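Colleague: One structure follows; several queries about it will come next.
The values are calculated or read from the model by the stated rules, or taken from the named source; none is laboratory data. Small disclaimer: the values here were computed from a predicted structure and weren't measured. Every residue, glycine as well, gets a Cβ built from its backbone with ideal geometry; the counts of neighbours run over all protein chains shown.
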Number of protein chains: 2
Amino acid sequence: MATIQDVAKAAGVSAMTVSNVLNDRPHVRPATRARVLEAMARLDYRVNVAARNLRKGRTGTIGLAVPEVNRPYYGRLAAAVITAAGRHSLRVSIEQTGARREDELAALTLSRNRLYDGLILSTVGMGQADVEALEVDHPVVILGERIFGGPVDHVAMPNVAASAAATRHLVERGCRRVAVICGELRDEVDVSSLRHSGYRQALAGAGLAADPGLVQSLPALTMDAAARRARAMMAEGLDFDGVFCVTDTVAMGVLRGLADAGVRVPEQVRVIGFDNVDESAFLVPSLSTVDPDHDLMAERAVTLLVARMGREGPPAAQEEFVGPFSLVVRESTGG
Amino acid sequence: MATIQDVAKAAGVSAMTVSNVLNDRPHVRPATRARVLEAMARLDYRVNVAARNLRKGRTGTIGLAVPEVNRPYYGRLAAAVITAAGRHSLRVSIEQTGARREDELAALTLSRNRLYDGLILSTVGMGQADVEALEVDHPVVILGERIFGGPVDHVAMPNVAASAAATRHLVERGCRRVAVICGELRDEVDVSSLRHSGYRQALAGAGLAADPGLVQSLPALTMDAAARRARAMMAEGLDFDGVFCVTDTVAMGVLRGLADAGVRVPEQVRVIGFDNVDESAFLVPSLSTVDPDHDLMAERAVTLLVARMGREGPPAAQEEFVGPFSLVVRESTGG
DNA sequence: TTGTATGCGTTATCAT
DNA sequence: ATGATAACGCATACAA
């Protein structure tokens, strides 16, 4: 495989000149440039990215650590991050952490190894107790929940406000016994807790009692667990007329479970989700949900990371960005 | 940031010894090893992957070029590829090609630049005419359709056989006017053409006429286009009692469109898809479909690539792997 | 405008 | 069991 030296020799110039041509630098005579380009083509020259990386101290690649790209929300996010990174000429290498704390910490290590110029980390397994693991000297942006006030930039969803709005929407449509289907409420800062908190606020604001029996915690935020739970709720004779699901995935399971139990949506029970995944508009009934503007969040995360990557000297203060949201009203709430 | 030299100095050994410790090589005295490890910990040493890559001539990263990770099938595939690559200690960098031919060719170039040790390429925009672009001297595996008999390994779905099986299933359930909803039939080797071909075979095998009016080509394989088309088919009074959708995404759109038109599935029309995406089991009605074993295909693609990466000397003959499939019968075909 | 010399951090080879 | 040396391919100061 031809190197820059080989090209230089073939073109009768120095390696420096080839490098200049390669990087589109000025001060290269057209004739020289032409000779170099010709030699490069003839030898089928390809830059060696590893060598360039070593020399420049940067790799042109950022890492994105998410639980799994195949989950609707994270897939959406990954696509948006890759697109946003592309606008900065950065490639994206994806680590799947399986939502495991250890794997999230491992992603931090890889980044620290200068494998990546920076890391966007979706913390799901890590918690507030792991804040000190983020005390690193290279760019990291947290995208998601569970770690607040840490030493790095943070892009978060408007979890509480959007959940309150979703719940309020159900109340406005006449629901008086609104259930919430979430994951385990581990601590104060995980997705389920934050969204559950918004749900509570909305109920309180509407003067409705908070019945603990209406809070349904799933072992995992999967369609399967959600469908089972919905069927169980009906089998147990639980009295409810509205359901706020903390993700669209959960909502899809709930819709299926209610259908199994012969419950009509929205006539008997109204359902709303969170995420506005592509499928939600095409379900039968179509799913009302919260749209958190994933593209904007990905864009902000990449922009913050790029800013850190370019910065020399003393670090700037951490930034916290909370995205906007909008309510998408569809058939499942009688819209 | 500490280098291997710094550690060597701190531990009172040579850089080579540090390298030996780092790579778990034998012939290092326990006491020496301990001193080195202590120094590494004290200086918070991290290997510089770029330097290692340059020296070794490999990057430990493979590229995966797909249209978009957010599409159900490709997301599933990406997740499986990342997992399979992880078993070989390889990272995966994802290129989104948007199904554009130029971007698929660009991914080949990046790989050629030794940015990746190898590339798994989902060809969607490229076609048989681009075969010569694959005449490269580094490992490439094609995962998908559109290029057959090329100069590289190829992992493909059992498109024709599985589509025939799906169509046959509809016929066995009593359908006599079976429609197919596909994309544009561009040439003989794209997904739609292959699956349409299986559909034709099954009809012929069942002694049913092939009515051109039952072949519905969409401008894009999206839920939206599929839903519109389903509504249009009903509005036009098209006579059909079964639909084979070339992807589950299309099927989801069709289910929605039929619901809009007040058509009951499976009572009036039976529907079957292709891919067995996670959502298909939870739709109302749940979707019958073809399961192509994505994990196995990803596994094979990675294995073939790794084999090429490790090989020296004359290249082995190209391998073609066609995966297995199974039919998943659910409510949408009355299962 | 072009060339020379040097170093980025690591590891393979060979020597001790 | 450990060390000295060189080289991977490129880009940057600096010189010409």
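Colleague: Can you tell me which residues in the range B:149-197 are under 26 Å from B:Ala129 (Cβ atoms), touching a strand residue (DSSP E or B) at 6+ places or on another chain (Cβ under 7 Å) and surrounded by fewer than 20 Cβ atoms within 10 Å (Cβ to Cβ)?
Modeller: B:Pro158, B:Glu184, B:Leu185
Colleague: OK, next. Return yes or no: is B:Ala99 part of a loop (DSSP other than H, G, I, E, B), closer than 19 Å to B:His154 by Cα and either away from DNA strand D (no atom under 16 Å from the Cβ) or touching a residue at least 60 places away in the same chain (Cβ under 8 Å) (or both)? Reasoning before the result, please.
Modeller: Working: part of a loop (DSSP other than H, G, I, E, B): yes; closer than 19 Å to B:His154 by Cα: yes; either away from DNA strand D (no atom under 16 Å from the Cβ) or touching a residue at least 60 places away in the same chain (Cβ under 8 Å) (or both): yes.
Against the criterion (part of a loop (DSSP other than H, G, I, E, B), closer than 19 Å to B:His154 by Cα and either away from DNA strand D (no atom under 16 Å from the Cβ) or touching a residue at least 60 places away in the same chain (Cβ under 8 Å) (or both)), B:Ala99 qualifies.
Residue-by-condition table, conditions (1) facing chain A (nearest Cβ under 9 Å); (2) without any contact (Cβ under 8 Å) to a residue 40 or more places away in the chain:
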position: B:Leu54; (1), (2): yes, yes
position: B:Val66; (1), (2): no, no
position: B:Arg71; (1), (2): yes, no
position: B:His88; (1), (2): no, no
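Colleague: Of the residues in the range B:107-126, how many are at pLDDT below 90, within 14 Å of chain A (Cβ to nearest Cβ) and within 22 Å of B:Leu194 (Cα to Cα)?
Modeller: Here the count works out to 0.
Colleague: Identify, by number, the condition in (1) touching a strand residue (DSSP E or B) at 6+ places or on another chain (Cβ under 9 Å); (2) of a type outside the set (Gly, Ala, Ser); (3) modelled with pLDDT of 95 or more that B:Glu319 doesn't meet.
Modeller: Failing condition for B:Glu319: (3).
Colleague: Also, I was wondering about something else. Take B:Gly205 and tell me if it is out of contact with any Pro (no Cβ under 8 Å at 6 or more places or on another chain), small (Gly, Ala, Ser) and on the phi > 0 side of the Ramachandran plot.
Modeller: Numbers: out of contact with any Pro (no Cβ under 8 Å at 6 or more places or on another chain): yes; small (Gly, Ala, Ser): yes; on the phi > 0 side of the Ramachandran plot: no.
Spelling it out, it is not the case that B:Gly205 is out of contact with any Pro (no Cβ under 8 Å at 6 or more places or on another chain), small (Gly, Ala, Ser) and on the phi > 0 side of the Ramachandran plot.
Colleague: Still on this structure, I have one more. From the residues in the range B:1-10 that are away from every other protein chain (no Cβ under 14 Å) and either crowded, with 18+ Cβ neighbours inside 10 Å or of a type in the set (Ser, Thr, Tyr) (or both), which one is nearest to DNA strand D (Cβ to nearest atom)?
Modeller: Applying the filter and picking the extreme gives B:Ala8.
Colleague: Please determine, by comparing only the residues of the range B:110-136 that are closer than 20 Å to B:Val306 by Cα and free of Cβ contacts under 8 Å to residues at least 24 places away in the same chain, which one is surrounded by the most Cβ atoms within 10 Å (Cβ to Cβ).
Modeller: That would be B:Asn113.
Colleague: Which members of the range B:11-26 meet the condition of being surrounded by 14 or more Cβ atoms within 10 Å (Cβ to Cβ), more than 12 Å from B:Val47 (Cα to Cα) and polar (S, T, N, Q)?
Modeller: Across the range B:11-26, the qualifying residues are B:Thr17, B:Asn20.
Colleague: Let me ask you something else. Go through (1) in a loop (DSSP other than H, G, I, E, B); (2) closer than 24 Å to A:Val269 by Cβ for A:Leu170 and report which single condition fails.
Modeller: Result: A:Leu170 fails condition (1) only.
Colleague: What are the residues in the range B:13-54 that are in contact with a Lys or Arg (Cβ under 6 Å, 6 or more places away or on another chain) and within 9 Å of DNA strand D (Cβ to nearest atom), if any?
Modeller: B:Val21
Colleague: Quick one: which strands (runs of 3 or more DSSP E) lie wholly within the range A:205-310 and hold at least 1 residues that are at pLDDT 95 or above, within 14 Å of chain B (Cβ to nearest Cβ) and under 20 Å from A:Val191 (Cβ atoms)?
Modeller: Where strands (runs of 3 or more DSSP E) fall fully within the range A:205-310 and carry at least 1 residues being at pLDDT 95 or above, within 14 Å of chain B (Cβ to nearest Cβ) and under 20 Å from A:Val191 (Cβ atoms), they are A:242-245, A:270-272.
Colleague: If you go through the range A:75-84 one residue at a time, do you hit one that is surrounded by 17 or more Cβ atoms within 10 Å (Cβ to Cβ), facing chain B (nearest Cβ under 10 Å), under 19 Å from the mean Cα position of the chain (by Cα) and not in a helix (DSSP H, G or I)?
Modeller: Going residue by residue through the range A:75-84, those that are surrounded by 17 or more Cβ atoms within 10 Å (Cβ to Cβ) are A:75-84.
Subsequent filtering for residues that are facing chain B (nearest Cβ under 10 Å) retains A:75-83.
Among the residues that remain, those that are also under 19 Å from the mean Cα position of the chain (by Cα) are: A:75-83.
With not in a helix (DSSP H, G or I) added as a condition, the list becomes none.
No, because not a single residue in the range A:75-84 is surrounded by 17 or more Cβ atoms within 10 Å (Cβ to Cβ), facing chain B (nearest Cβ under 10 Å), under 19 Å from the mean Cα position of the chain (by Cα) and not in a helix (DSSP H, G or I).
Colleague: Those residues that are within 9 Å of chain B (Cβ to nearest Cβ) and either of a type in the set (Gly, Ala, Ser) or in a strand (DSSP E or B) (or both), I need them from the range A:37-52; list them, please.
Modeller: A:Ala50, A:Ala51
Colleague: Further question on the same structure: How many residues are under 21 Å from A:Ser111 (Cα atoms) and more than 8 Å from DNA strand C (Cβ to nearest atom) if we restrict to the range B:7-25?
Modeller: 0
Colleague: Is it fair to say B:Glu104 is at negative phi, in contact with an Asp or Glu (Cβ under 9 Å, 6 or more places away or on another chain), more than 13 Å from chain A (Cβ to nearest Cβ) and among the acidic types (Asp, Glu)?
Modeller: Criteria met by B:Glu104.
Colleague: Would you mind finding the one in A:Gly127, A:Gly183 that is farther than 30 Å from A:Gly335 by Cα and in contact with a helix residue (DSSP H, G or I) (Cβ under 8 Å, 6 or more places away or on another chain)?
Modeller: A:Gly127
Colleague: If the requirement is being away from DNA strand C (no atom under 11 Å from the Cβ) and surrounded by fewer than 16 Cβ atoms within 10 Å (Cβ to Cβ), which of these qualifies: A:Ala65, A:Ala41?
Modeller: After ruling out the rest, the residue left standing is A:Ala41.
Colleague: For A:Val28, are the conditions met, namely being of a type in the set (A, V, I, L, M, F, W, C), in a loop (DSSP other than H, G, I, E, B) and within 10 Å of DNA strand C (Cβ to nearest atom)?
Modeller: On the way: of a type in the set (A, V, I, L, M, F, W, C): yes; in a loop (DSSP other than H, G, I, E, B): yes; within 10 Å of DNA strand C (Cβ to nearest atom): yes.
Yes; evaluated as a whole, the condition is true for this residue.
Colleague: Separate question: For the range A:127-136, indicate whether the set of residues that are more than 10 Å from chain B (Cβ to nearest Cβ), modelled with pLDDT under 90 and on the phi > 0 side of the Ramachandran plot is non-empty.
Modeller: There is no residue in the range A:127-136 that is more than 10 Å from chain B (Cβ to nearest Cβ), modelled with pLDDT under 90 and on the phi > 0 side of the Ramachandran plot.
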